[in-house]
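The values are calculated or read from the model by the stated rules, or taken from the named source; none is laboratory data. Predicted model, so just to flag it, every value in this text is computed and none were measured. Note: ideal-geometry Cβ built from the backbone for every residue, glycine included; neighbour counts use all protein chains shown. SASA here: full protein model, heavy atoms, side chains in, ligands and nucleic acids out. Shrake-Rupley method; radii C 1.70, N 1.55, O 1.52, S 1.80 Å.
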Amino acid sequence: MNISALQKFVPSILFFFLLLIPADGFARRRPPAGGRVAVVIDERLSALRATPELSGYLLRRMTRGSFVAIKGERRSRDGVNFYRVNVTSRTSGWIQREAVASPTRSGDDKRLVRLIKASDDYDRVARARIFLDNFSSSEFRPAVLLIYSETAEEIAGRLSREAMRRLDAKEMTAGGAPLFSYFLNYNGLDRYNRQGVTFVFDSRESVLRYDGEGWQELIHRYPRSLEAAEARKRLESSLGVTKR
């Protein structure tokens, strides 16, 4: 193939691969094979190393939400437990046990709940999302749904204040788009949207609010739980509010 033909062919290849990438840029990879599936919950501890030692050669830093397949376990000389894990079909290594949680390991759901409660703002939402996506049969799911929803509502208030400071009223008027569309397109919402949090605009008070999807799921799936009772109160308090 000559250079001229190659130049015409390359853009088509690039376009094809771009179609495979989700719009938010964060593809959800399938769990690797070869062991018990676990997910990274604490990126502060998620160094993948060549040996089961904190001084072991760093192969890569695993991002929160990444999947691994646990093949074995070993305790280091200084008493830290490591998992031998597959990351891909070609990459394996050792990762500190506390960096990951497995839906099939007893107690990991409770440990993740403790970490969620100790987290704030975006970290709390992101870890709660990991729990909701991977621990579907856990007894703690109603509690995490409530934490996720309450945190999203708190964040909505902060994002409203940020948007008010950063969105210029004169520019919005000159732009001609509806006021609510500027708020709902505010880039501060993006990373929360990627975690499944959707906001609506309260046109009466000109603020953002959480859309309440988590509360609705609580009422639908766990109607007799204490968390569902709280969710009903939250939804009732939002009735009569004009939203977009």
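Observations, loosely collected:
- If R0 is taken as 51 Å, the Cβ-Cβ distance between LYS71 and ARG221 corresponds to a FRET efficiency of 0.90.
- Förster-model FRET efficiency, 51 Å R0, ALA50 and ARG204, C-beta, rounded to 0.05: 0.30
- The stretch between ASP168 and ALA33, if pulled fully straight at 0.36 nm per residue, gains 43.5 nm over its current Cα-Cα span.
- Computed [θ] at 222 nm, helices only, for the chain once each DSSP H run of length n ≥ 4 contributes -39500 (n - 2.57): -13500 deg cm²/dmol
- A simple spin-label model places the labels of ARG111 and GLU139 1.9 nm from each other, with each point 7 Å out along Cα-to-Cβ.
- Kirkwood Rh and Cα Rg combined as Rg/Rh, the chain: 1.07
- Apportionment of accessible area to carbon and sulfur, segment 135-227, percent (1.4 Å): 49 percent
- Taking Cα centre as origin and charging only the Cβ of basic (Lys, Arg, +1) and acidic (Asp, Glu, -1) residues, the dipole magnitude of the chain rounds to 900 debye.
- Here segment 99-199 is assigned +1 on the Cβ of each Lys and Arg and -1 on the Cβ of each Asp and Glu. Its dipole about the Cα centre then comes out at about 200 debye.
- Zone of LEU179's modelled label, taken as backbone nitrogen in segment 202-217 under 13 Å from a point 7 Å along Cα→Cβ: 202-208
- Sequence-separation-based contact order of segment 141-244, relative, with Cα cut under 8 Å and 6+ spacing, percent: 34 percent
- Candidates ILE147, TYR83, PRO31 compared by Cα position along the dipole of the chain: farthest toward the positive end lies TYR83, with charges placed on Cβ.
- Per residue, segment 124-244 exposes an accessible area of 54 Å² to a 1.4 Å probe, with every protein chain left in place.
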